[in-house]
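Report on one structure; see the data block that follows.
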Amino acid sequence: MLLHLGLRACRSGCRLLVGCWLLTSLLSACSIALLSPVHAQHTLILATTTSLQDTGLLDALISQFEQHNNLTIKTLAVGSGQALQLGKQGEADVLLTHDPEAEIAFMQEGYGAERLPVMANQFVLVGPAHDPAQVAGNSIPAAFGKIAQSQSLFLSRGDQSGTHKIEQELWSRAGLQPYRERWYLESGQGMAATLFIASEKGAYTLVDRATFLVMRRRLDLIPLAEGDPDLLNVYHVLTVNPKRFPQVNAEGARAFAQFLTSPQTQNFIRQFGQADYGEPLYLPVEEP
(Lines give C-alpha, C1' and ligand atoms only; values in the text may rest on other atoms or scores of the structure.)
Protein backbone atom coordinates (compact mmCIF):
# COMPACT_ATOMS: atom_id res chain seq x y z
CA MET A 1 0.00 0.00 0.00
CA LEU A 2 2.79 2.42 0.93
CA LEU A 3 4.73 1.54 -2.26
CA HIS A 4 1.62 2.20 -4.36
CA LEU A 5 1.15 5.59 -2.72
CA GLY A 6 4.81 6.43 -3.34
CA LEU A 7 4.55 5.59 -7.07
CA ARG A 8 1.45 7.71 -7.51
CA ALA A 9 3.12 10.57 -5.67
CA CYS A 10 6.00 10.60 -8.15
CA ARG A 11 3.72 12.10 -10.88
CA SER A 12 4.61 15.60 -9.73
CA GLY A 13 6.95 17.31 -7.32
CA CYS A 14 4.02 18.46 -5.26
CA ARG A 15 2.57 14.99 -5.07
CA LEU A 16 6.01 13.64 -4.18
CA LEU A 17 6.18 15.96 -1.20
CA VAL A 18 2.71 14.91 -0.09
CA GLY A 19 3.62 11.25 -0.50
CA CYS A 20 6.79 11.70 1.53
CA TRP A 21 4.85 13.53 4.22
CA LEU A 22 2.29 10.72 4.39
CA LEU A 23 5.02 8.10 4.51
CA THR A 24 6.83 9.94 7.31
CA SER A 25 3.59 10.34 9.26
CA LEU A 26 2.75 6.67 8.93
CA LEU A 27 6.23 5.64 10.02
CA SER A 28 6.02 8.00 13.01
CA ALA A 29 2.65 6.54 13.99
CA CYS A 30 4.11 3.05 13.80
CA SER A 31 7.01 4.13 16.02
CA ILE A 32 4.63 5.57 18.61
CA ALA A 33 2.55 2.39 18.57
CA LEU A 34 5.66 0.29 19.13
CA LEU A 35 6.82 2.49 21.99
CA SER A 36 3.47 2.81 23.77
CA PRO A 37 3.65 -0.54 25.64
CA VAL A 38 6.97 0.59 27.15
CA HIS A 39 5.46 3.87 28.33
CA ALA A 40 2.39 1.98 29.61
CA GLN A 41 4.63 0.14 32.09
CA HIS A 42 4.86 3.37 34.09
CA THR A 43 1.12 3.08 34.76
CA LEU A 44 -0.51 0.45 36.94
CA ILE A 45 -4.23 -0.20 36.46
CA LEU A 46 -5.94 -1.17 39.72
CA ALA A 47 -9.52 -2.47 39.71
CA THR A 48 -11.01 -2.37 43.19
CA THR A 49 -14.16 -1.90 45.24
CA THR A 50 -16.04 1.33 45.87
CA SER A 51 -15.93 0.77 49.63
CA LEU A 52 -12.16 1.12 49.81
CA GLN A 53 -12.37 4.39 47.91
CA ASP A 54 -15.27 5.66 50.04
CA THR A 55 -13.31 5.20 53.28
CA GLY A 56 -10.25 7.14 52.09
CA LEU A 57 -7.88 4.25 52.76
CA LEU A 58 -7.28 3.56 49.09
CA ASP A 59 -6.12 7.11 48.35
CA ALA A 60 -3.77 7.01 51.33
CA LEU A 61 -2.23 3.70 50.25
CA ILE A 62 -1.83 4.78 46.63
CA SER A 63 -0.15 8.02 47.67
CA GLN A 64 2.41 6.12 49.76
CA PHE A 65 3.07 3.59 46.99
CA GLU A 66 3.54 6.21 44.27
CA GLN A 67 6.01 8.17 46.43
CA HIS A 68 8.41 5.23 46.46
CA ASN A 69 7.81 3.72 43.03
CA ASN A 70 8.14 5.04 39.50
CA LEU A 71 4.51 4.20 38.81
CA THR A 72 1.22 6.04 38.55
CA ILE A 73 -1.84 4.08 39.60
CA LYS A 74 -5.02 4.42 37.57
CA THR A 75 -7.94 3.32 39.77
CA LEU A 76 -11.14 1.70 38.49
CA ALA A 77 -13.48 1.72 41.53
CA VAL A 78 -16.31 -0.73 40.86
CA GLY A 79 -17.88 -3.68 42.65
CA SER A 80 -15.77 -6.79 43.23
CA GLY A 81 -17.65 -8.65 40.50
CA GLN A 82 -16.86 -5.98 37.94
CA ALA A 83 -13.26 -5.73 39.13
CA LEU A 84 -12.76 -9.47 38.64
CA GLN A 85 -14.36 -9.25 35.21
CA LEU A 86 -11.90 -6.53 34.23
CA GLY A 87 -9.13 -8.88 35.32
CA LYS A 88 -10.60 -11.67 33.18
CA GLN A 89 -10.48 -9.35 30.18
CA GLY A 90 -6.89 -8.29 30.83
CA GLU A 91 -8.04 -4.70 31.34
CA ALA A 92 -6.45 -4.36 34.79
CA ASP A 93 -3.03 -5.27 36.14
CA VAL A 94 -3.95 -5.87 39.77
CA LEU A 95 -7.19 -6.30 41.74
CA LEU A 96 -8.18 -5.54 45.33
CA THR A 97 -11.49 -7.27 46.07
CA HIS A 98 -13.61 -8.95 48.76
CA ASP A 99 -15.43 -11.84 47.12
CA PRO A 100 -13.55 -14.99 48.24
CA GLU A 101 -15.51 -17.56 46.21
CA ALA A 102 -15.23 -15.57 42.97
CA GLU A 103 -11.55 -14.87 43.67
CA ILE A 104 -10.78 -18.57 44.11
CA ALA A 105 -12.56 -19.33 40.83
CA PHE A 106 -10.57 -16.51 39.18
CA MET A 107 -7.33 -18.16 40.26
CA GLN A 108 -8.41 -21.70 39.37
CA GLU A 109 -9.39 -20.58 35.86
CA GLY A 110 -5.87 -19.22 35.30
CA TYR A 111 -6.68 -15.50 35.25
CA GLY A 112 -4.60 -14.68 38.32
CA ALA A 113 -0.93 -15.18 39.14
CA GLU A 114 -1.05 -14.56 42.89
CA ARG A 115 -3.71 -13.97 45.59
CA LEU A 116 -2.74 -12.60 48.99
CA PRO A 117 -4.84 -11.53 52.01
CA VAL A 118 -4.52 -7.85 52.91
CA MET A 119 -7.07 -6.84 55.55
CA ALA A 120 -10.52 -7.50 56.98
CA ASN A 121 -13.48 -6.00 58.78
CA GLN A 122 -17.10 -7.05 59.39
CA PHE A 123 -20.42 -6.68 57.63
CA VAL A 124 -23.12 -4.86 59.59
CA LEU A 125 -26.90 -4.64 59.13
CA VAL A 126 -27.99 -1.01 59.54
CA GLY A 127 -31.42 0.56 59.51
CA PRO A 128 -33.64 3.32 60.94
CA ALA A 129 -33.49 3.90 64.70
CA HIS A 130 -37.17 2.98 65.20
CA ASP A 131 -36.34 -0.49 63.80
CA PRO A 132 -39.72 -1.44 62.27
CA ALA A 133 -38.76 -5.12 61.88
CA GLN A 134 -37.43 -5.34 65.46
CA VAL A 135 -34.14 -6.86 64.34
CA ALA A 136 -31.89 -5.35 67.03
CA GLY A 137 -30.00 -7.95 69.01
CA ASN A 138 -30.60 -10.75 66.52
CA SER A 139 -28.02 -12.49 64.40
CA ILE A 140 -27.95 -11.09 60.89
CA PRO A 141 -29.51 -14.21 59.27
CA ALA A 142 -32.33 -14.07 61.84
CA ALA A 143 -32.70 -10.34 61.23
CA PHE A 144 -33.18 -10.96 57.52
CA GLY A 145 -36.06 -13.31 58.36
CA LYS A 146 -37.70 -10.61 60.50
CA ILE A 147 -37.33 -8.02 57.71
CA ALA A 148 -39.10 -10.36 55.29
CA GLN A 149 -41.83 -11.26 57.77
CA SER A 150 -42.62 -7.62 58.51
CA GLN A 151 -42.12 -6.60 54.84
CA SER A 152 -39.95 -3.71 55.95
CA LEU A 153 -38.01 -1.87 53.25
CA PHE A 154 -34.64 -3.39 52.42
CA LEU A 155 -32.19 -1.79 49.99
CA SER A 156 -29.72 -4.02 48.16
CA ARG A 157 -26.77 -2.83 46.12
CA GLY A 158 -27.85 -5.22 43.37
CA ASP A 159 -24.55 -4.81 41.56
CA GLN A 160 -22.80 -8.20 41.94
CA SER A 161 -20.32 -6.63 44.36
CA GLY A 162 -18.82 -8.59 47.25
CA THR A 163 -21.38 -7.02 49.59
CA HIS A 164 -24.23 -7.97 47.27
CA LYS A 165 -22.98 -11.58 47.08
CA ILE A 166 -22.90 -11.86 50.90
CA GLU A 167 -26.38 -10.36 51.12
CA GLN A 168 -27.72 -12.95 48.66
CA GLU A 169 -26.10 -15.70 50.73
CA LEU A 170 -27.84 -14.38 53.86
CA TRP A 171 -31.25 -14.48 52.20
CA SER A 172 -30.52 -18.03 51.10
CA ARG A 173 -29.53 -19.02 54.65
CA ALA A 174 -32.86 -17.65 55.86
CA GLY A 175 -34.64 -19.77 53.21
CA LEU A 176 -35.91 -16.66 51.43
CA GLN A 177 -35.88 -15.28 47.87
CA PRO A 178 -37.21 -11.72 48.24
CA TYR A 179 -35.98 -10.42 44.90
CA ARG A 180 -39.46 -9.79 43.41
CA GLU A 181 -41.08 -8.46 46.57
CA ARG A 182 -42.22 -4.82 46.63
CA TRP A 183 -40.35 -4.14 49.87
CA TYR A 184 -37.06 -5.33 48.35
CA LEU A 185 -35.32 -2.54 46.42
CA GLU A 186 -32.05 -2.37 44.48
CA SER A 187 -29.86 0.70 44.09
CA GLY A 188 -27.52 -0.66 41.41
CA GLN A 189 -24.88 1.66 42.89
CA GLY A 190 -21.84 1.67 45.16
CA MET A 191 -21.88 1.46 48.94
CA ALA A 192 -21.90 5.18 49.70
CA ALA A 193 -24.77 5.93 47.32
CA THR A 194 -26.70 2.92 48.64
CA LEU A 195 -26.36 4.16 52.22
CA PHE A 196 -27.67 7.60 51.30
CA ILE A 197 -30.71 6.11 49.56
CA ALA A 198 -31.38 3.75 52.48
CA SER A 199 -31.18 6.69 54.87
CA GLU A 200 -33.65 8.72 52.81
CA LYS A 201 -36.12 5.84 52.52
CA GLY A 202 -35.77 4.54 56.08
CA ALA A 203 -34.64 1.16 54.75
CA TYR A 204 -32.38 -1.56 56.08
CA THR A 205 -29.18 -2.38 54.21
CA LEU A 206 -26.02 -4.44 54.58
CA VAL A 207 -22.74 -2.52 54.70
CA ASP A 208 -19.09 -3.07 55.55
CA ARG A 209 -18.34 -1.50 58.92
CA ALA A 210 -15.60 0.78 57.59
CA THR A 211 -17.85 2.58 55.11
CA PHE A 212 -20.57 2.98 57.73
CA LEU A 213 -18.16 4.46 60.28
CA VAL A 214 -16.94 7.02 57.75
CA MET A 215 -20.45 8.05 56.72
CA ARG A 216 -22.56 7.58 59.84
CA ARG A 217 -22.72 11.29 60.78
CA ARG A 218 -24.51 12.01 57.49
CA LEU A 219 -27.01 9.16 57.82
CA ASP A 220 -30.23 8.49 59.71
CA LEU A 221 -29.19 4.88 60.17
CA ILE A 222 -27.78 2.94 63.10
CA PRO A 223 -26.12 -0.50 63.39
CA LEU A 224 -28.71 -3.05 64.46
CA ALA A 225 -27.13 -6.47 63.93
CA GLU A 226 -23.44 -7.27 63.84
CA GLY A 227 -20.71 -9.48 65.28
CA ASP A 228 -21.65 -12.62 63.32
CA PRO A 229 -18.35 -14.55 62.95
CA ASP A 230 -19.50 -15.79 59.55
CA LEU A 231 -19.64 -12.22 58.25
CA LEU A 232 -15.93 -11.50 58.23
CA ASN A 233 -15.18 -9.28 55.23
CA VAL A 234 -11.73 -10.16 53.87
CA TYR A 235 -9.93 -8.23 51.13
CA HIS A 236 -7.35 -9.90 48.88
CA VAL A 237 -4.93 -8.50 46.33
CA LEU A 238 -4.77 -10.47 43.08
CA THR A 239 -2.20 -9.98 40.33
CA VAL A 240 -3.40 -10.70 36.80
CA ASN A 241 -1.61 -13.56 35.05
CA PRO A 242 0.93 -12.24 32.48
CA LYS A 243 1.07 -15.66 30.81
CA ARG A 244 -2.56 -15.16 29.84
CA PHE A 245 -2.34 -11.43 29.20
CA PRO A 246 1.22 -10.47 28.13
CA GLN A 247 0.28 -6.77 28.00
CA VAL A 248 -0.29 -6.43 31.76
CA ASN A 249 2.20 -4.65 33.98
CA ALA A 250 3.16 -7.79 35.90
CA GLU A 251 6.21 -6.23 37.58
CA GLY A 252 4.20 -3.26 38.83
CA ALA A 253 1.39 -5.55 40.03
CA ARG A 254 3.85 -7.66 42.04
CA ALA A 255 5.37 -4.53 43.55
CA PHE A 256 1.94 -3.27 44.63
CA ALA A 257 0.99 -6.65 46.13
CA GLN A 258 4.27 -6.75 48.08
CA PHE A 259 3.68 -3.19 49.27
CA LEU A 260 0.18 -3.99 50.57
CA THR A 261 1.35 -7.05 52.49
CA SER A 262 4.56 -5.53 53.87
CA PRO A 263 4.83 -5.06 57.68
CA GLN A 264 4.99 -1.27 57.28
CA THR A 265 1.76 -1.09 55.26
CA GLN A 266 0.00 -3.59 57.50
CA ASN A 267 0.84 -1.41 60.50
CA PHE A 268 -0.50 1.66 58.66
CA ILE A 269 -3.75 -0.19 57.92
CA ARG A 270 -4.01 -1.25 61.58
CA GLN A 271 -3.98 2.40 62.67
CA PHE A 272 -5.97 4.00 59.84
CA GLY A 273 -9.17 5.60 61.15
CA GLN A 274 -8.36 5.17 64.84
CA ALA A 275 -7.97 8.91 65.51
CA ASP A 276 -11.08 9.97 63.58
CA TYR A 277 -13.53 7.16 64.35
CA GLY A 278 -12.33 5.70 67.64
CA GLU A 279 -11.40 2.39 66.04
CA PRO A 280 -9.47 1.26 62.96
CA LEU A 281 -11.49 0.84 59.80
CA TYR A 282 -9.67 -2.36 58.87
CA LEU A 283 -7.37 -4.84 60.56
CA PRO A 284 -4.73 -7.14 59.12
CA VAL A 285 -6.32 -10.51 58.46
CA GLU A 286 -4.62 -12.16 61.40
CA GLU A 287 -6.51 -9.71 63.66
CA PRO A 288 -10.18 -9.89 62.53
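The values are calculated or read from the model by the stated rules, or taken from the named source; none is laboratory data. Since the model is a prediction, treat every value here as computed from it, not as a measurement. Using ideal geometry, Cβ is built from the backbone for each residue, glycine included, and neighbour counts are taken over all protein chains shown.
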Please specify each residue of the stretch 45-68 satisfying the condition of being in a strand (DSSP E or B) and either at pLDDT 95 or above or assigned by TED's automatic domain parsing to the domain that holds THR194 (or both). ILE45, LEU46, ALA47, THR48
By residue number, the members of the stretch 248-284 that are within 28 Å of HIS42 (Cβ to Cβ) and hydroxyl-bearing (Ser, Thr, Tyr) are THR261, SER262, THR265
Residue check, ASN249 against (1) under 16 Å from LYS74 (Cβ atoms); (2) touching a Pro at 6+ places or on another chain (Cβ under 6 Å), all met but one. Which one? (2)
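Please report, ordered by residue number, the helices (runs of 4 or more DSSP H) entirely within the stretch 69-150 with at least 3 residues that are free of Cβ contacts under 8 Å to residues at least 12 places away in the same chain.
On the way: elements: 80-88, 100-108, 140-150.
Passing ranges, in order: 100-108.
Working only within the stretch 259-274, note down all residues that are more than 25 Å from GLN85 (Cβ to Cβ), part of a helix (DSSP H, G or I) and not charged (D, E, K, R).
Correct list: PRO263, GLN264, THR265, GLN266, ASN267, PHE268, ILE269, GLN271, GLN274.
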Candidate set from the stretch 247-276 (those that are of a type in the set (Gly, Ala, Ser) and in contact (Cβ under 8 Å) with a residue 24 or more places away in the chain); member that is surrounded by the most Cβ atoms within 10 Å (Cβ to Cβ): ALA253
Would the stretch 79-89 turn up any residue that is at pLDDT below 95, surrounded by fewer than 21 Cβ atoms within 10 Å (Cβ to Cβ) and in contact with a Lys or Arg (Cβ under 8 Å, 6 or more places away or on another chain)? yes
Check SER172 against each of (1) part of a helix (DSSP H, G or I); (2) at pLDDT 95 or above; (3) of a type in the set (Ser, Thr, Tyr) and name the one condition it does not meet. (2)
For the stretch 175-193, enumerate the residues that are part of a helix (DSSP H, G or I) and either in contact (Cβ under 8 Å) with a residue 40 or more places away in the chain or not assigned by TED's automatic domain parsing to the domain that holds VAL214 (or both). MET191, ALA192
Looking for something closer than 29 Å to LEU155 by Cβ, hydrophobic (A, V, I, L, M, F, W, C) and in contact with a Leu (Cβ under 7 Å, 6 or more places away or on another chain) - is there at least one such residue anywhere in the stretch 255-265? no
Please state which of the following conditions TYR184 fails to meet, knowing it meets all the rest: (1) within 23 Å of the chain's Cα centre (by Cα); (2) crowded, with 17+ Cβ neighbours inside 10 Å; (3) among the hydroxyl-bearing types (Ser, Thr, Tyr). (1)
Checked the stretch 125-142 for anything aliphatic (A, V, I, L, M), modelled with pLDDT under 95 and under 25 Å from SER80 (Cα atoms); matches are ILE140
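Looking for whichever is assigned by TED's automatic domain parsing to the domain that holds ILE222, in contact with a strand residue (DSSP E or B) (Cβ under 7 Å, 6 or more places away or on another chain) and farther than 24 Å from PRO229 by Cα here; the options are SER152, SER161. Which one fits?
Working: SER161 fails: farther than 24 Å from PRO229 by Cα.
Going through SER152, SER161 in turn, the sole match is SER152.
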